[in-house]
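Asks: Handing you a structure now.
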Amino acid sequence: MTYTIQQIAAALGAEAVGDTALTITRAAEPAMAGPEDLALAMSPQYGDALAQGKARAAILWPEADWQAMGLAAAIFTPRPRRAMAGLTALMDPGQEFAPGIHPNAVIDPTAQIGADVSIGPFSVIGANVQIGARSVIGPHCHVGAHAVLGEDAQLREMVSLGARVRIGDRFIAQPGARIGADGFSFVTPEVSGAENVRKTMGDIGDAQAQSWTRIHSLGGVEIGDDVEVGANSTVDSGTIRATMIGNGTKLDNLVHVGHNTRVGRDCLLCGQVGVSGSVDIGNNVVLGGQVGVVDNIFIGDGVVAGGGTKILSNVPAGRAVMGYPAIKMQTHTEIYKAQRRLPRVLRDVAALKNAVFNRDSND
Amino acid sequence: MTYTIQQIAAALGAEAVGDTALTITRAAEPAMAGPEDLALAMSPQYGDALAQGKARAAILWPEADWQAMGLAAAIFTPRPRRAMAGLTALMDPGQEFAPGIHPNAVIDPTAQIGADVSIGPFSVIGANVQIGARSVIGPHCHVGAHAVLGEDAQLREMVSLGARVRIGDRFIAQPGARIGADGFSFVTPEVSGAENVRKTMGDIGDAQAQSWTRIHSLGGVEIGDDVEVGANSTVDSGTIRATMIGNGTKLDNLVHVGHNTRVGRDCLLCGQVGVSGSVDIGNNVVLGGQVGVVDNIFIGDGVVAGGGTKILSNVPAGRAVMGYPAIKMQTHTEIYKAQRRLPRVLRDVAALKNAVFNRDSND
Amino acid sequence: MTYTIQQIAAALGAEAVGDTALTITRAAEPAMAGPEDLALAMSPQYGDALAQGKARAAILWPEADWQAMGLAAAIFTPRPRRAMAGLTALMDPGQEFAPGIHPNAVIDPTAQIGADVSIGPFSVIGANVQIGARSVIGPHCHVGAHAVLGEDAQLREMVSLGARVRIGDRFIAQPGARIGADGFSFVTPEVSGAENVRKTMGDIGDAQAQSWTRIHSLGGVEIGDDVEVGANSTVDSGTIRATMIGNGTKLDNLVHVGHNTRVGRDCLLCGQVGVSGSVDIGNNVVLGGQVGVVDNIFIGDGVVAGGGTKILSNVPAGRAVMGYPAIKMQTHTEIYKAQRRLPRVLRDVAALKNAVFNRDSND
């Protein structure tokens, strides 16, 4: 597949200069670009790398002097990272799953399959399932009974949608994503040690050893439009009401969303984020990699949590947090700096005690 | 499916009052309940929500005045969370996997399949496997050679049981659970940098760059009765002896249990918990979400670890721990509070040094 | 299968003494060993356990007096953990996947399958795939279009290799491993709150609520020789250039490697490690369980990170680090000890202020 510089600029809504009829076949990093590649040099730091490569065309940062760089053509874009979205969408060959319904798929006769849907080999579509038009169900997928999947979905291989899950349009699921596993909810006959600890933040009290009885998950999962779920991530079914993921929210790989939790719209949950049950997350929230969220709290709109943050209590809207437990990012930085000076401060205090009280504090 | 209030109360061992012949079709949260729903209002905080909904029947907290609330019938239960277990078990329609053995399953002729077992499409059952009566093997499952699975198992789709795994009765596995992957165990020809660091808690010493040789896993996995393993969780095979999970223990999603580890009975390992190899965990232990446990330590009976705790040394029985590294929960809280005051204390110490020694400490 | 002591010693390159024609059938822990087992007692701490068991032969630590222990034969090895590698490799029966290509596999006619390759039931091999000689593709695997897999690969069940992934020789993948999911890369039309936070380490500023546009992953994944990837782990496709894993590197279960990241050779990434995008990791790096690595940093050769470490900035070669954020392991230990004394120090400072300034500091 080849593209002219003009075609690419048009697709990006960007400005093309020079020989805009020049054709390229793929995008490349500046230093590795050959004469048929479009070099991606979107900030001045790539200027030198561009000289090392052989690109004749590049996407450049706004003020770049493309002619001095010896380029035949260039594309200028005000927000380069955004241009990456358009460019990569244009050039993505995808997984090349075959169109149509594979003869080795097992599809319940009561399932309603929309127009131009493709279903890969060894996929299983359960009773009364609805799949919207143009959706692509990859190989080895499982769509449970009564599940509803909107239009233009793209399921990679080995994706699970449990029974009665409801998902909007343009859903993307990476390999091994699990929507609608049963929630993790158990109860002991009498109050358990863990319940005592939560109440007192102290010890397990006089709780006896007991076995756990299962609370089943009747609530299912409801997912809005334009949601993406990463590889091997899990979104559990709610107990009575549905676990919910709002429109436009994206989950990275190995993310866990517990039962009854509601995630708002346009959130990002990065790799290995874990959200417990019954959490209420607002809109436009960004949780960095490996963030953990304890159960039964809320996280307000626009909250940003740095990687590794453990959120153990409510977070008001608009706050940036970090740490374990999570606190305001600025406070975390201040405390952290103070901690690094702590060993010296202890020595200072010992010296002060010696001077003031005429004895050593270091006992 | 409909249920009378009397039927539900009987199933829960609870007390029914009012029009106990009233029928309901599902459970619902109080504010969203319609006239055919059973509202779940198990503590006084739900009183107002009940008034917003249209429920005619509810499960209520012990002292609630059901008639004043305008209800036609009510169920009273002393431990409401326990009632949830009975109620949801009663009403769970499950995944509706078809009974019987699907013609598209591949079953080795030497496998011994118990009475009334069902096996879903595209599942593979290996040589000499034993599956107990009434077990449900979902679609796309893999049961490796010589594996033994007890009675009344419920495997969701895409579950892996490796060769020679042994599992008791009433096992539940969520989608993508992996039992019996090979343990992560490697060795270098000479002492490695990581070994030096573990010994000295210092640096890597004079260790040379080396490659890793694999230690294979011969020990398999042994799992007791009434165990549940969450979606995409992994329990690795032991090296020489089996990795073991005791009766009644439950693992949430994305949990990792390393090779040779023994987990006792009636434990809860919450979402994304990671237990290294050769750990010895007692009975009735609760590890909160994202807890990590270093290798070759023990955790005593009844221990409770708060979410995000990293356990780096032995924990005696009955202790509640938190933090990284894990310490007693009360001590963690005390230290944490002190930390928040740390920046101010540093200023205080500087002022003291100035006053006492007539010089500034902040250099 | 039986082995003579002589055979085992020869396979390990170790020294055998006593009745070296004695046969054993399996390896066992000393206390549990029967008369047909080879007891593994590789350090003096196992001396007593050996007496409790019934082994007639053992692998022993260098100075052990095997005759005084009543053994008929013994094997001595200078680095016992290394002997475990040889011994377990010798005795591993493996998964016993059937040889040959199963009739229920779906293989594109354009795929090039090497000599003596075996492919399990319900596996899917895409267009133009190349699979090297003697590779074993387990059941339920998916090899995407144009993927290249070297010789002697061993794929357990339900492994995904995405389109255009390139993998060297002797690759091992545990169940559910996902190579080549799309990277997690999104952009908003205008600067987002998260971008502001990263810039200022402060709050989200005046960023407006916005939706995310996807950046596609064109770069694929390139994996060297002798790499192993654990159960349910994920390695994402790069954006423009490939995500890379060097020769000899091993990933444990539930590990995440983000897009564009390069991991060097002979690294160990332990359970649940999460590496963000565009990270550059050197050779012989060991990351303990649940370590997290923020994006766009480098980690030098030979770095060792303790379990739970969150690496938020560059780490120079040869350093041992720990903590959140990661610091030198020795500094971490020192700070940690000081923290435990912090509540007392606060009381000391209050007393000092009272003595020096005649007022209490505890306000």
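The values are calculated or read from the model by the stated rules, or taken from the named source; none is laboratory data. These numbers were taken from a predicted model, which means no experiment stands behind them. We place every Cβ from the backbone using ideal geometry, glycine too, and count neighbours over all the protein chains shown. Side chains are part of the model used for accessible areas, which takes the heavy atoms of the whole protein and leaves out ligands, DNA and RNA. Shrake-Rupley method; radii C 1.70, N 1.55, O 1.52, S 1.80 Å.
Asks: Around C:T213, which amide H atoms from residues at least 5 apart in sequence, or from another chain, sit under 5 Å from its own amide H, with H modelled in the peptide plane?
Replies: Here the answer is C:V187, C:T188, since their amide H atoms fall under 5 Å of that of C:T213.
Asks: Just add up the charged neighbours of A:G274: K/R +1, D/E -1, any other residue whose Cβ is under 10 Å from the Cβ of A:G274.
Replies: Local charge sum for A:G274: 0.
Asks: Using the Cα gyration tensor of the range C:94-189, with a ≥ b ≥ c the square roots of its eigenvalues, what is the shape: rounded (a/c below 1.5), prolate (a/b larger than b/c) or oblate (neither)?
Replies: Because a/c hits 1.5 or more and a/b exceeds b/c, the range C:94-189 counts as prolate.
Asks: Computed over the Cα atoms, what is the radius of gyration of the range C:1-51 divided by 2.2 N^0.38 Å, N being its residue count?
Replies: That ratio works out to 1.12.
Asks: Name the shape class, rounded, prolate or oblate, that the alpha-carbon gyration tensor gives for chain B, where a ≥ b ≥ c are the square roots of its eigenvalues, rounded holds for a/c under 1.5, and otherwise prolate holds if a/b is larger than b/c and oblate otherwise.
Replies: Taking the square roots of the gyration eigenvalues as a ≥ b ≥ c, chain B is oblate.
Asks: Continuing with this model, one more query. Where in the range B:174-271 are there GluC sites (Glu not before Pro) that are in a DSSP coil and have at most 14 other Cβ atoms within 10 angstrom of their Cβ?
Replies: Passing both the DSSP loop test and the Cβ count: B:E190.
Asks: Same structure, new question: Take peptide C:217-226, look around each residue's Cβ out to 10 angstrom, count Cβ atoms belonging to other protein chains, and average those counts.
Replies: Taking all residues of C:217-226 together, the mean is 2.
Asks: Indicate, rounded to the nearest 5 percent, the antiparallel portion of the DSSP beta bridges found entirely in chain B.
Replies: Counting DSSP beta bridges with both partners in chain B, the antiparallel share is about 15 percent.
Asks: Using Cα springs under 10 Å in a Gaussian network model of chain C, which residue among C:F298, C:F122, C:F186 shows the largest mean-square fluctuation?
Replies: Maximum among the listed residues: C:F186.
Asks: Quick check on chain B: helices-only [θ] at 222 nm, where DSSP H runs of length 4 and up contribute -39,500 (n - 2.57) each and the sum goes over total residues. Nearest 500, please.
Replies: Value at 222 nm, helices only: -5000 deg cm²/dmol.
Asks: Using alpha carbon coordinates only, what is the Rg to Rh ratio of the range B:265-305, with Rh defined as the Kirkwood radius?
Replies: Rounded to two decimals, Rg over Rh is 0.92.
Asks: Using the Karplus curve 6.51 cos²θ - 1.76 cosθ + 1.60 with θ = phi - 60°, what ³J(HN,Hα) values do you get for each residue of the range A:288-303, in whole Hz, with x for Gly and Pro?
Replies: x, x, 6, 5, x, 10, 5, 6, 6, 10, 10, 10, x, 4, x, 5
Asks: On a C-alpha basis, how far is the centre of the range A:304-349 from the centre of the range C:52-123 in Å? Whole number, if you could?
Replies: Centre-to-centre (Cα) distance: 48 Å.
Asks: With a ≥ b ≥ c taken as the square roots of the eigenvalues of the C-alpha gyration tensor of the range A:3-91, please select rounded if a/c is under 1.5 and otherwise prolate if a/b is larger than b/c or oblate if it is not?
Replies: Rounded, since a/c falls under 1.5.
Asks: Once the label point is set 7 Å along the Cα-to-beta-carbon vector, what list of distances in nm do you get between C:Q7 and its counterparts in the other copies?
Replies: The answer, with the shortest distance listed first, is 6.4, 6.4 nm.
Asks: If R0 is 22 Å, what FRET efficiency do you get for B:F298 and B:K337 from their C-beta distance, rounded to 0.05?
Replies: That gives a FRET efficiency of 0.15.
Asks: For chain C, with a Gaussian network of springs between Cα atoms less than 10 Å apart, report the residue from C:G277, C:G47, C:G176 with the top mean-square fluctuation.
Replies: Of the options given, C:G47 has the highest mean-square fluctuation.
Asks: With labels modelled as points extended 7 Å from the Cα through the Cβ direction, what inter-label distance (nm, one decimal) is found for B:M201 paired with B:Q67?
Replies: 6.9
Asks: Convert each backbone phi in the range B:103-114 into a coupling constant with the Karplus relation 6.51 cos²θ - 1.76 cosθ + 1.60 (shift: θ = phi - 60°), then list the ³J(HN,Hα) values in order as whole Hz, x for Gly and Pro.
Replies: Here the 3J(HN,Hα) series is x, 8, 7, 10, 10, 5, x, 7, 5, 9, 9, x Hz.
Asks: Just the Kirkwood number for the protein assembly as shown, please: inverse of mean 1/r across all distinct Cα pairs, in Å, one decimal.
Replies: Value: 30.8 Å, from the Cα pair sum.
Asks: Is any residue of the range A:121-143 close enough, with backbone N under 13 Å, to a label point placed 7 angstrom from the Cα of B:E96 along the Cα-Cβ axis, and if so, which?
Replies: Answer for the range A:121-143: A:125-130, A:143.
Asks: Could you give me the ³J(HN,Hα) list for the range B:216-223, computed from phi with Karplus coefficients 6.51, -1.76, 1.60 and θ = phi - 60°, whole Hz, x at Gly and Pro?
Replies: For the range B:216-223, the Karplus curve yields 6, 10, 9, x, x, 10, 10, 10 Hz.
Asks: If you average over every viewing direction, what projected area does the convex hull of the Cα atoms of the range A:11-153 give, in nm²?
Replies: 10.7
Asks: Let me ask something else about it. List the distances, in nm to one decimal, from the label point of C:V356 to the label points of the same position in every other copy, shortest first, placing each label point 7 Å from Cα along the Cα-to-Cβ direction.
Replies: Listed shortest first, these distances are 0.6, 0.6 nm.
Asks: Here is a further query. All other residues with a Cβ under 15 Å from the Cβ of C:E36 taken together, and with Lys, Arg as +1 and Asp, Glu as -1, what is their net charge?
Replies: So the surrounding residues net to 0.
Asks: If you build a Gaussian network model of chain C, linking Cα atoms that sit under 10 Å apart, which residue out of C:I137, C:I240, C:I223 swings the most?
Replies: Comparing C:I137, C:I240, C:I223 in the GNM, the peak value goes to C:I240.
Asks: Simple spin-label model, 7 Å along Cα-to-Cβ: B:S43 to B:V356 in nm?
Replies: About 4.8 nm, to one decimal.
Asks: What is the sum of charges, Lys and Arg at +1 and Asp and Glu at -1, for the other residues whose Cβ falls under 10 Å from the Cβ of C:S135?
Replies: -2
Asks: Rounded to the nearest 10 Å², what accessible area does B:S313 have for a 1.4 Å probe in the complete protein model?
Replies: 70
Asks: If amide hydrogens are placed 1.01 Å from N in the peptide plane, which non-local residues have theirs closer than 5 Å to the one on B:Q154?
Replies: B:V136, B:F171, B:I172, B:A173
Asks: In chain C, which whole DSSP H runs stretch at least 15 Å along their own axis (Cα) and average -1.0 or higher on the Kyte-Doolittle scale?
Replies: What comes out of the filter, once short or polar helices are dropped, is C:80-91, C:342-357.
Asks: Between A:A51 and the same site in the other copies, what are the distances in nm, shortest first, taking label points 7 Å from Cα along the C-beta direction?
Replies: Ordered by distance, the counterparts are at 7.7, 7.7 nm.
Asks: Near the amide H of B:T234, under 5 Å away, which other amide H atoms are found, from residues 5 or more places off or on another chain, if H is placed in the peptide plane?
Replies: HN-HN under 5 Å from B:T234: B:R178, B:V255, B:H256, B:V257.
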